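Asks: One structure follows; several queries about it will come next.
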Amino acid sequence: MANPWVLFLLVPLVKIVVILGVVILLAAYLSFFERKILAYMQIRIGPNRVGPRGWLQPIADALKLFVKEDILPSRAEKFVYMLGPVLVTAPALVVFSVIPFGTGFKLFGAEVTPYLTDVNIGILFILGVSSVGVYGIILGGWASNNKFSLMGGLRSAAQLVSYEVPMGLSVVTVLLMASSLSLVKIVEAQRNSGVWFVFPGFIAFFIYFVCGVAETNRNPFDLPEAESELVAGFHTEYSGMKFAFYFLAEYANMVVISSIATVLFLGGWLPPFPNWLAGVWAAPVFTWIPTVIWNAGWFLVKMFAFLFVYIWFRGTFPRYRFDQLMALGWKVFIPVSLVNLMAVAFGVLLIGGSR
Amino acid sequence: MTEQDNPTAPAETPPQAPAAPKAPWEEKPVTPVLRDARDHALVKEIAAVLPGVVLEAVEFAGQVTATVACARIAEVCRTCKERLGYSFLVDLTAVDWQERPQGRFDVIYWMHRFSDSRRLRLKVNVADGVEVPSVTGVWKVANWMEREVFDMFGIYFSGHPNLERILTWEGFNGHPLRKDFPIEGIDTGAAVYPDVYPPGGGPVAGGEGE
Amino acid sequence: MGDIEAVKPFPDSEEMEISFGPQHPATHGVLRVMVKLDGERIVDAKPIIGYLHRGTEKIFERETYNGAIPHTDRMDYTAAATNNQGLVGAVERMMGITVPPRASYIRMILAELQRIASHIIWLGTHALDIGAQSPFFYTFEEREKILDLYEEYCGARLTLNAMRVGGQPYDLPEGWAARCKTFVDQFPARIAEWERLLTTNRIWKLRTVGVGVISAESAIEWGLTGPPLRGSGVNWDIRKVFPYDHYDEVEFEIPIGAHGDTYDRYLVRMEEMRQSVRIVQQCLARLPEGPVMAKVPKVIKPPKGEIYFSVEGPKGELGYYVVSDGGANPYRLHVRPSCFINLQALPEMVRGQLVADLIAVIGTLDIVLGEIDR
């Protein structure tokens with residue numbers, strides 16, 4: 001088992017396959033959960049025909065999108081038009097390589113970590129890679145040769161760029177508190193200090209999450225694809241699998257934002273209040289659960305709490321208008337996150353970070 | 001009691017009228033009569049500010065209609081709006097009297113004033129092909145109404161800023177609400193998608209009617 | 001249909017032109033608006049209509065007076081009862097027919113339920129346009145109940161054809177009044193629920209306050225009627241000014257707005273629903289016994305003459321101009337379509353605002369293309 005090639009190639013490959021499969025399945029089922037939850041919020045039943053209680057609905061949707069005609073508008077910029085969905089989907093999936101779902105564990109005598117890699121600049125990697133996604137939206141909107149698409153692309157360019165600033169600033173507060181860019185270290189810092197960063201950094205948390213909603217083009221910030229205004233925004237002309245890629249990317253991005261929020265602010269895979277309730281979690285009722293499932297379970301619970309809030313937003317809020325969205329971003333979130341950053345910096349200086 | 005209600009029909013009689021031998025709805029209906037209204041207060045008002053403009057005035061079912069000369073309608077409307085307070089144009093439409101000697105069409109203006117909630121109908125007789133002065137300069141609301149009358153009857157309004165067809169399409173042949181337009185419609189070619197459209201983009205009137 | 005270049009509304013512009021509709025999720029049917037945009041700001045807008053033109057006024061001329069009633073259902077198909085009410089009212093006044101009070105009260109009940117149902121559609125779709133999904137489903141649940149009541153009364157849910165010249169074709173079914181009362185008694189709680197979702201919602205107010213403003217003078221100049229006129233602060237309702245049926249016997253108030261913006265029109269319509277509930281409750285309480293049909297000749301032949309009669313439809317003043325030559329068919333039957341005239345003010349209301357506001361204003365005008373195009 002000690003063959004270095006196995007550790008070097010086989011394990012990462014298996015992990016890639018598992019993570020990709022889980023993420024894609026998660027994104028597909030997220031759409032199912034969204035439809036179901038939204039349906040119950042709106043006093044209707046939701047999908048319930050395909051499979052038991054509709055559980056096979058996402059599979060049917062995916063099959064439908066596979067076999068649908070893939071329309072290429074005759075006056076579209078063909079190469080860019082096809083590049084758009086790829087540019088949007090690839091970063092959304094790549095980001096998962098650094099998200100830690102749990103601590104390492106032993107499998108057949110080998111040390112396995114339930115994440116692909118722990119980059120020491122993990123959070124920078126995420127911010128960098130995920131901002132490539134906006135190109136996919138802009139290019140897709142532009143290449144469609146459709147005015148609605150173009151407007152959707154322009155809107156999303158302005159929106160994503162302006163909301164990345166406060167989002168980045170709120171992430172920096174976490175970095176100050178954790179003194180590390182590695183996502184694993186950030187979680188460990190939360191374990192060591194015994195408090196999740198959501199409590200000292202609740203302003204940053206709030207700004208991060210709202211900006212995250214804006215970054216993923218979700219209600220109430222779903223202007224780039226505002227159905228009642230721009231038909232379907234940047235993906236008006238896309239059909240079949242290309243549309244499915246945009247769709248997948250949107251839901252994968254929701255998972256990304258929720259995962260990062262979980263890692264940065266809610267202690268990642270840690271059970272709630274690690275130091276205070278350590279006795280409870282060590283009780284025999286829980287200790288029989290394997291560590292990896294225990295950790296990943298807590299991670300998923302927190303992540304789904306975020307995803308539920310996403311869907312809840314969609315069931316509740318009207319849509320912002322473009323100028324109001326920009327005003328909110330530039331006039332409220334950026335100043336507040338700047339001030340918050342300075343306040344946290346002073347706090348870290350006085351109290352000391354978690355080093 | 002208002003103008004809209006027929007004065008001869010007491011619609012608001014309480015249902016338990018004890019003395020009445022028979023309730024009004026069990027009687028044969030009493031139809032309103034058409035009578036001359038030259039001495040009606042509303043008509044006199046116009047005659048006072050614009051002497052000699054009212055050619056004819058009738059009253060039917062409590063509604064007063066004053067006929068004025070076609071060429072002066074814009075002036076009359078402006079005066080009605082500015083001096084008599086008819087600030088609201090309720091409706092503008094036309095009627096086709098195909099065989100009438102003194103001009104084929106009636107154009108109807110139905111005005112309202114808020115001060116005492118009275119309404120007055122102006123009417124002009126127009127011969128086919130004669131232009132009617134547009135009242136879009138008086139009430140903005142007349143814009144689409146006149147376009148509709150143009151579209152449906154082919155009555156031209158001089159001075160209208162944008163006299164285009166509104167309900168049918170550019171190139172439609174004929175004016176549907178004229179009495180000589182076949183009531184079963186014409187074959188517009190719109191539903192069959194021919195390879196070549198007839199010249200003018202529309203169909204031939206009364207040609208291949210279904 | 002001719003090519004688009006031929007009707008290009010802004011011949012020499014450098015701004016972006018965009019054609020909203022006729023197939024668009026938020027144009028409430030087949031409305032097409034050519035919009036000239038400077039970025040997101042609307043430089044000019046031009047509604048293009050007629051995609052649903054069926055020649056209803058021409059069809060009227062071949063129908064008898066009672067035979068024309070089903071065609072009125074299909075004009076504003078969300079408000080069939082008030083459409084019927086206008087036509088039969090016009091013909092009755094022309095013939096001097098007095099409607100039995102029971103029929104008159106039934107008409108008022110149907111018409112006010114219709115006003116509620118129409119406003120419900122407006123609220124659901126307006127909220128959907130502005131991006132709030134859920135109100136659509138909450139409101140349509142209530143509308144179903146109204147449609148069930150209609151179905152029980154006349155068999156139809158949408159195109160009611162529920163009135164005749166001279167009265168009502170049927171009396172109320174057994175227990176209908178009680179079920180109607182159950183509905184109207186619980187309905188104000190539903191309105192309050194929807195208001196909790198929207199009225200103080202920050203985003204809702206951001207999207208509606210100060211959007212699509214039209215002053216009272218402008219509104220009169222553009223011939224607006226109904227909630228758009230009242231939202232601008234003009235106290236004007238046909239039910240009060242020219243009462244028909246028994247509207248002068250019931251108590252209700254006319255809600256008016258102050259600023260003439262989308263939010264005020266929203267408040268006006270919400271209050272109108274409450275007032276309609278009041279009217280229905282009063283009508284049910286004082287519903288008299290007796291016949292529902294007056295003594296009417298077999299063939300309806302109004303005397304020679306012309307009449308204009310209007311009712312306060314959910315969308316505004318709905319008028320019928322009937323010209324009779326003494327025959328059994330109307331010589332000319334013109335409809336004053338409230339939506340058609342309200343829509344005309346659209347460019348005035350959206351100029352200088354953003355694309356999103358165009359959608360909000362189309363929603364707040366509460367148009368139905370069936371009535372605009374006829």
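The values are calculated or read from the model by the stated rules, or taken from the named source; none is laboratory data. Since the model is a prediction, treat every value here as computed from it, not as a measurement. Glycine also receives a Cβ, built like all others from the backbone with ideal geometry; neighbour counts cover every protein chain displayed.
Asks: Which one of the conditions (1) outside any helix (DSSP H, G or I); (2) within 25 Å of A:W269 (Cβ to Cβ); (3) in contact (Cβ under 8 Å) with a residue 40 or more places away in the chain does A:N217 fail to meet, given that it meets all the rest?
Replies: With (1) outside any helix (DSSP H, G or I); (2) within 25 Å of A:W269 (Cβ to Cβ); (3) in contact (Cβ under 8 Å) with a residue 40 or more places away in the chain applied to A:N217, the lone miss is (2).
Asks: Is the stretch B:119-139 home to any residue that is buried (at least 17 other Cβ atoms within 10 Å of the Cβ), small (G, A, S) and within 13 Å of another protein chain (Cβ to nearest Cβ)?
Replies: no
Asks: Now, a different point. Counting just the residues of the stretch C:350-370 that are at the interface with another protein chain (Cβ under 9 Å from one of its Cβ atoms) and not charged (D, E, K, R), which one comes out surrounded by the fewest Cβ atoms within 10 Å (Cβ to Cβ)?
Replies: Filtering the stretch C:350-370 for residues that are at the interface with another protein chain (Cβ under 9 Å from one of its Cβ atoms) and not charged (D, E, K, R), the one surrounded by the fewest Cβ atoms within 10 Å (Cβ to Cβ) comes out as C:L354.
Asks: Here's a check for you: in the stretch C:220-231, which residue that is within 24 Å of B:V135 (Cα to Cα) and more than 10 Å from chain B (Cβ to nearest Cβ) is nearest to the chain's Cα centre (by Cα)?
Replies: Checked the stretch C:220-231; the qualifying residue nearest to the chain's Cα centre (by Cα) is C:G226.
For (1) assigned to a strand (DSSP E or B); (2) within 14 Å of chain C (Cβ to nearest Cβ); (3) of a type in the set (G, A, S), each residue gets a yes or a no:
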site: B:D39; (1), (2), (3): no, no, no
site: B:L55; (1), (2), (3): yes, no, no
site: B:T67; (1), (2), (3): yes, yes, no
site: B:I73; (1), (2), (3): no, no, no
site: B:V76; (1), (2), (3): no, no, no
site: B:K81; (1), (2), (3): no, yes, no
site: B:G85; (1), (2), (3): no, yes, yes
site: B:D91; (1), (2), (3): yes, yes, no
site: B:M111; (1), (2), (3): yes, yes, no
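Asks: Please go through the stretch C:67-90 and pick out each residue that is more than 14 Å from C:Y321 (Cα to Cα) and among the hydroxyl-bearing types (S, T, Y).
Replies: Passing the criteria: C:Y77, C:T78, C:T82.
Asks: What are the residue pairs meeting all of these: first residue in the stretch C:357-370, first residue closer than 12 Å to C:A345 by Cβ, second residue part of a helix (DSSP H, G or I) and acidic (D, E), Cβ atoms under 9 Å, and 6 or more apart or on different chains?
Replies: C:I362/C:D129
Asks: How about the stretch C:51-66: which of its residues are under 18 Å from B:E164 (Cα atoms) and either surrounded by 22 or more Cβ atoms within 10 Å (Cβ to Cβ) or of a type outside the set (G, A, S) (or both)?
Replies: C:Y51, C:L52, C:H53
Asks: Are any residues in the stretch C:295-342 crowded, with 22+ Cβ neighbours inside 10 Å and outside any strand (DSSP E or B), and if so, which ones?
Replies: Result: C:I300, C:P302, C:P314, C:K315, C:P330, C:P337, C:S338, C:C339, C:F340, C:I341, C:N342.
Asks: Please enumerate the residues belonging to the stretch C:33-59 that are within 22 Å of the chain's Cα centre (by Cα) and under 28 Å from A:A158 (Cβ atoms).
Replies: C:V33
Asks: Any idea which of (1) of a type in the set (A, V, I, L, M); (2) closer than 27 Å to C:L358 by Cβ; (3) buried (at least 23 other Cβ atoms within 10 Å of the Cβ) is the one C:L37 doesn't satisfy?
Replies: (3)
Asks: Of the residues in the stretch A:215-256, how many are away from chain C (no Cβ under 12 Å), over 20 Å from A:A28 (Cα atoms) and surrounded by 24 or more Cβ atoms within 10 Å (Cβ to Cβ)?
Replies: Summing the residues that are away from chain C (no Cβ under 12 Å), over 20 Å from A:A28 (Cα atoms) and surrounded by 24 or more Cβ atoms within 10 Å (Cβ to Cβ) in the stretch A:215-256 gives 2.
Asks: For the stretch C:333-356, which positions are among the charged types (D, E, K, R) and out of contact with any Ser or Thr (no Cβ under 8 Å at 6 or more places or on another chain)?
Replies: C:R351
Asks: Filter the stretch C:269-292 down to the residues that are surrounded by fewer than 20 Cβ atoms within 10 Å (Cβ to Cβ) and either at the interface with chain B (Cβ under 8 Å from one of its Cβ atoms) or in a loop (DSSP other than H, G, I, E, B) (or both) and list them by number.
Replies: Within the stretch C:269-292, C:R286, C:L287, C:P288, C:E289, C:G290, C:P291 meet the criteria.
Asks: Going by the structure shown, is A:G212 on the phi < 0 side of the Ramachandran plot, without any contact (Cβ under 8 Å) to a residue 60 or more places away in the chain and either part of a loop (DSSP other than H, G, I, E, B) or out of contact with any Lys or Arg (no Cβ under 7 Å at 6 or more places or on another chain) (or both)?
Replies: Here the answer is yes, as A:G212 does meet what is asked.
Asks: Which helices (runs of 4 or more DSSP H) sit wholly inside the stretch A:114-207 and have at least 2 residues that are modelled with pLDDT under 80?
Replies: Passing ranges, in order: A:183-193.
Asks: Now, a different point. Is it true that C:K145 is more than 12 Å from chain A (Cβ to nearest Cβ) and not aromatic (F, W, Y)?
Replies: So C:K145 passes the test.
Asks: Which members of the stretch C:234-258 meet the condition of being buried (at least 17 other Cβ atoms within 10 Å of the Cβ), part of a loop (DSSP other than H, G, I, E, B) and not aliphatic (A, V, I, L, M)?
Replies: Within the stretch C:234-258, C:W236, C:D237, C:F242, C:P243, C:Y244, C:D245, C:H246, C:Y247, C:F252, C:P255, C:G257 meet the criteria.
Asks: So B:V138 fits all but one of (1) in contact with a Leu (Cβ under 8 Å, 6 or more places away or on another chain); (2) over 16 Å from C:L224 (Cα atoms); what number is the exception?
Replies: (2)
Asks: Can I ask one more? Pairs only if they're at least six apart or on different chains, beta carbon under 7 angstrom, first in the stretch A:7-31 and more than 13 Å from A:T117 (Cβ to Cβ) and modelled with pLDDT under 85, second surrounded by 13 or more Cβ atoms within 10 Å (Cβ to Cβ) and acidic (D, E); list them, first residue then second.
Replies: none
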